1. Conditions: (1) buried (at least 22 other Cβ atoms within 10 Å of the Cβ); (2) closer than 20 Å to residue C:97 by Cα. Residue C:195 meets all but one. Number of the miss?
2. Does residue B:68 qualify as being under 30 Å from residue C:312 (Cα atoms), of a type outside the set (S, T, N, Q) and part of a helix (DSSP H, G or I)?
3. Quick one: in region C:12-36, which of the residues that are touching a residue at least 60 places away in the same chain (Cβ under 8 Å) and outside any helix (DSSP H, G or I) is surrounded by the fewest Cβ atoms within 10 Å (Cβ to Cβ)?
4. With the requirement that a residue be among the acidic types (Asp, Glu) and closer than 30 Å to residue A:291 by Cα, what does region C:127-182 give you?
5. Could you figure out which of (1) surrounded by fewer than 24 Cβ atoms within 10 Å (Cβ to Cβ); (2) over 25 Å from residue C:314 (Cβ atoms); (3) not aliphatic (A, V, I, L, M) isn't true of residue B:75?
6. Out of all the residues in region B:74-94, which are among the polar types (S, T, N, Q) and over 18 Å from residue B:57 (Cβ atoms)?
7. Which condition number in (1) modelled with pLDDT of 95 or more; (2) crowded, with 18+ Cβ neighbours inside 10 Å is the one that residue C:164 fails?
8. Out of C:59, C:109, C:139, report the one residue that is within 29 Å of residue A:167 (Cβ to Cβ), in contact with a Leu (Cβ under 7 Å, 6 or more places away or on another chain) and among the aliphatic types (A, V, I, L, M).
Amino acid sequence: MSNFFKTSDSNATFVGNMLRGVGQVMFQKNGWTGLFFLCGIAWGAYDSGTIDVAWGALVGVFVSTITGYLLGLDREDGDSGLWGFNGVLVGCAMMTFLDSTLLTWIALVLCSALTVWVRLALNNTMKSWKVNSFTFPFVTSTWIFLLASRALHGMPADSLPSPHLPGYFDWTVSLAPLDLVVYWLKGIAQVFLIDSWETGILFLIGLAVSNIWAAVWAAIGSAVALVGAILFGAPGELISEGLFGFSSVLTAIALGATFYRPSWGSAIWALLGVIVCMFVQLATDLWLEPIGLPALTAPFCLTTWIFLLPLFKFGEHKHQVDHSDWHKHTATTKKE
Amino acid sequence: MSNFFKTSDSNATFVGNMLRGVGQVMFQKNGWTGLFFLCGIAWGAYDSGTIDVAWGALVGVFVSTITGYLLGLDREDGDSGLWGFNGVLVGCAMMTFLDSTLLTWIALVLCSALTVWVRLALNNTMKSWKVNSFTFPFVTSTWIFLLASRALHGMPADSLPSPHLPGYFDWTVSLAPLDLVVYWLKGIAQVFLIDSWETGILFLIGLAVSNIWAAVWAAIGSAVALVGAILFGAPGELISEGLFGFSSVLTAIALGATFYRPSWGSAIWALLGVIVCMFVQLATDLWLEPIGLPALTAPFCLTTWIFLLPLFKFGEHKHQVDHSDWHKHTATTKKE
Amino acid sequence: MSNFFKTSDSNATFVGNMLRGVGQVMFQKNGWTGLFFLCGIAWGAYDSGTIDVAWGALVGVFVSTITGYLLGLDREDGDSGLWGFNGVLVGCAMMTFLDSTLLTWIALVLCSALTVWVRLALNNTMKSWKVNSFTFPFVTSTWIFLLASRALHGMPADSLPSPHLPGYFDWTVSLAPLDLVVYWLKGIAQVFLIDSWETGILFLIGLAVSNIWAAVWAAIGSAVALVGAILFGAPGELISEGLFGFSSVLTAIALGATFYRPSWGSAIWALLGVIVCMFVQLATDLWLEPIGLPALTAPFCLTTWIFLLPLFKFGEHKHQVDHSDWHKHTATTKKE
C-alpha cells in the first residue's frame, strides 16, 4: 500500500496531491492554495446551507486522485495535482444541482473517476494542436450526468434550471458601490460554483500565496467582465450572482499569468480574452437554455483555446510555443 | 463488369461483401452473421407491420457497397464489409421514421451513399488519434436527412418524435421476470432499430456464429444497461422498448471483444464503459428532444471513443495501441 | 506608417487588400470582384432601406484587414485578401440582425477583429486534415455575438428569428417562371445576406471578371439547390428569399472551380455536393430554431469539408492533395 501511494517526488503525499488538485483548478501547483480554496468552498457551502457541496468537493477530489493511482498514470501529473482538479469541480457541481441521495453520490463517484480518463482522451486529441483540455473533462462529464439526471427518478435534479426557450430577461440590478464589490468577489467564488463574497476573498488569498500575478489577474478578470456586462446591459441576476466572473477569472489567469510571461503584449491579449469571454459566457448560457443545463466552465475553455490556438508569442517568449501542458508553466512560490 | 466487382480476396463476392457489411454493424467480418442479422430485421419488420424497414436495410447496404466500388476505394475494406455497415443502418432508420414515398427512397439512396465518403472523411480526421469513426457516419448523415425531412413536404416525417422541451417523464414499468427478458432481448434488437425480442435472439445467434465472445458481451451489455436503468429509475418506456440496450451492446462488443483481448482488466473496463454508456444514452436523448431527433448510435460512438482514446493497454496487449481500424482486430471463426 | 502597410507584393495596397478580402468570400483573389460585390451589397442595402448593412460590410472588412497588420501576420495572406473575408460577412450579418446602436458597432468591431485569430486557430487545428476553415470563423464568431445580443439590453436583437420549436411550415410558393429567376438570383445575393435579385446579377459579373468557371458554378449551384428544394417540397419562404442558394453557391464554387481542376469527375462531385448541401442547409436551420439563430454559411462549410476530407483526386489532379490553403488554387485572370 505504501508503494501504491509512492510519488515521483519524495516530498509529495497523497493528501498533498489532493490539495494541489484543488489548487490546479486555477492553475496553481500549490497545496496551500488548495487548502485556502477548500476553506472558501466550506464557508460558502455552510453559509448557504448546502454543506453537501463541500462534501462533494472532498469526495470528488479524493475519487479522481485515487483513480489516477488505480489506472497507473504518470506520477508526475499526479504529484502536480493534475488528476484531481476536474474531480473537485464535479463534486461542487453535482451537489449544487442535484438532491443528495445515495444514487446521486454513486453517480458523483463515477463521474469524478470518469474525468480522469476523459482528460487523457481529450489531451491525446489536442496534443497535436499544442493545447490542453483544461477543465473541459469536468464540463463534458458533468453535462452527461446532469442531463441524464433530469429523467432519472433516483437522482432528482430539483435545482437544475428549467428547460425553456430564450426569451424574457430581467435587466434590473443595483449598482451601489458596495454591491459592485460583492458581485466582483462572487465572480471569483463562482469558479467553484460558490455564491459568497467571503469565499472570493479566500480564493484571492489562496492565489496570492502561490503566485501574486495569478491573484492580480483573477481580480482583473472578474472586474473587467463585470464592467463589460453592466456596460452592454446584461441580465441583472447573472451580474449580481457573479455568473459573468468565473470563466473570465480563469481566462485571465490562463492568458495573463500562466501560458505567457507577463508583458505588455500578453496583458493586452489577456484583457481581450476576458472581454470576449463575457460574450462567450452569455452565448453558452442561452445555447443551453432549451435543455436546462448550466454553462459550467465551458466559456473559459472555449475562449482560452481561441486565444492560445493561434500560437502567438509575446515578450521574451521566443521559443517554440506549446501549450499542451501547464505544470511546466506554473510558477510555484511555496510547495505543500 | 466482372472486373468491376473483382475483390482483393478471390473468395469474396459482391453479395458476400454486402452480408459482411451487415455483420460489421456489430464488428463481425462474417457473412453468416450478416445473414442472421438480415433475418432478424426481416422478422421484426414483418411482425410490426413495417416491412419497408427490411427493404430499406437491403437497399441501404446495396447502395453503400456499390458506392465503394464506384469511388474506387480500397478493396480490402470492401471485402471486409466496411463499406456497407453504415448504409444498412441508414435504411433501417429512415424507413422507421419517415413515410415511404418516392422522394424518401431517393433520399435514402443518397444518404446511404453519403455515409461511404463521410466515413472516409471522419476516418481521415481521426486517424491521428488512433480511433475509428464507427457508426458515426450513419449517425451524422441520418441526422441531416431526418432533420431536413421535418420541413420537407415530399418526405413526411410522421414517425419522428415531436420536438419538445425535456419535462414530463413516466417512470412506470413492469418488472415481471418474463418482461425483463423481453426488454433485455429488445435491447439487442434495437441495434438495428427493431422492437422485437425474437430478433434479439436471432442477433445473438448471428454473433455466436462468428465470435462467441461477441455474443457473450452483447448479452452482458444489454443486461447491465437494463439493470442500471432500472436501478437509477429511468423512464419506463425507454426501458421496456430496449432503448437503453443498443448502444451498450455495441460498446460492450467493442471494448469487451474487439479492441482488447479478453482479460480481467479489459472486462472491468468494458463493464465501466457499459455503465457510462447508460448515462450517455439518456443525456443524448434529452439533448435532442428540442429538435425531435433520435439518438441513433451516437451514445455508443461517444462512449467507446472516451474509453479508447486514453490508449490504455490490457492483458497481453503490450504492443503499440492503434484502434483506427478494426478488421485486423476482428476474430472470424467462419468465413462466408 | 508606410512601412506598416508595406505588402509583400509591391503592387498590393491596403485598399486592394480590403477589396480582395471581399472577393475571397467567393474564393476570388481579385479586387475588381470585391468592388462588384461591394456595389451589390450597397445596392441591396439601399434598396431594402437597411443601408447600415453596407456600412457594416465596410467597417468589418476594414477592421479585420487592419487586425492582420496589427498582429503581424503573414503578409502573403493579407495581400491575397485572406484577412478580410470573414470580417466583411460579420459586418453584413450583425447589421442585418441587430439594431444599430453604439454598442452594436463596438461589438461589430470586436467580432470582426476576432475572426482574424479564430481563423488562425481553426486553420492550425485543421491543417493536419488538409482542409481550411473557410468562412467558419465568421460563423462561430457571429453566432457568439448574436446569441449574446438576445440577452444584452445595449444591443437589441430585434431582427433575429424568435426561438421556437420546429413545427409549423408554410409550403405555399409561387412557381411562375419570372419568380423562379428572382429566387435563383437572390440565392446568389444571399451569400452576403442580401435579399435582392439585382445584387445577384452584380455578384455574377464580379465572379466572371475574375474566373468564368466560378460564375458558371455559382449559377449552377443556386439553380440546382432551387430545383431540389422545390422538388422535395421545402418551405416556400425559404425558397423565395433565396435561402437555399447561398451555401450551395459557395459549395459549388469551392468544389467545381477552386479545389479541383474542371473535369467530368469533379463536375459530378460538385453537383453531388450542391444537392447534399440543400439538405444540410435545412437541417442546420431546424437545429438552430430553438435558440433562434440563423445558419449563416455553416452548411457550406460542413458540406465542403465532407466532400474534401476524403482527399479524392480528379482529372489531372494527380499530385498529393492538400486543401488547407486556397490562394494557390485560386485562378486570377485579372489583378487589382
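The values are calculated or read from the model by the stated rules, or taken from the named source; none is laboratory data. Note that the structure is a prediction, hence the values are computed from the model and not measured. Reconstructed Cβ throughout: ideal geometry from the backbone, glycine too, with neighbour counts over all protein chains shown.
1. Result: residue C:195 passes all but (1).
2. On the way: under 30 Å from residue C:312 (Cα atoms): yes; of a type outside the set (S, T, N, Q): yes; part of a helix (DSSP H, G or I): yes.
So residue B:68 fits the description; yes.
3. Kept after step one, since they are touching a residue at least 60 places away in the same chain (Cβ under 8 Å), are these residues of region C:12-36: C:12, C:16-36.
Those left that are additionally outside any helix (DSSP H, G or I): C:12, C:27-30.
Details: C:12: 22, C:27: 26, C:28: 32, C:29: 24, C:30: 30.
Out of the qualifying residues, it is C:12.
4. At the first step, the residues of region C:127-182 found to be among the acidic types (Asp, Glu) are C:158, C:170, C:179.
Passing the criteria: C:158, C:170.
5. Going through the list (1) surrounded by fewer than 24 Cβ atoms within 10 Å (Cβ to Cβ); (2) over 25 Å from residue C:314 (Cβ atoms); (3) not aliphatic (A, V, I, L, M), residue B:75 breaks only (2).
6. Correct list: B:80 only.
7. Going through (1) modelled with pLDDT of 95 or more; (2) crowded, with 18+ Cβ neighbours inside 10 Å one by one, residue C:164 breaks only (2).
8. Numbers: C:59 fails: within 29 Å of residue A:167 (Cβ to Cβ); C:109 fails: in contact with a Leu (Cβ under 7 Å, 6 or more places away or on another chain).
Just one listed residue meets the conditions, C:139.
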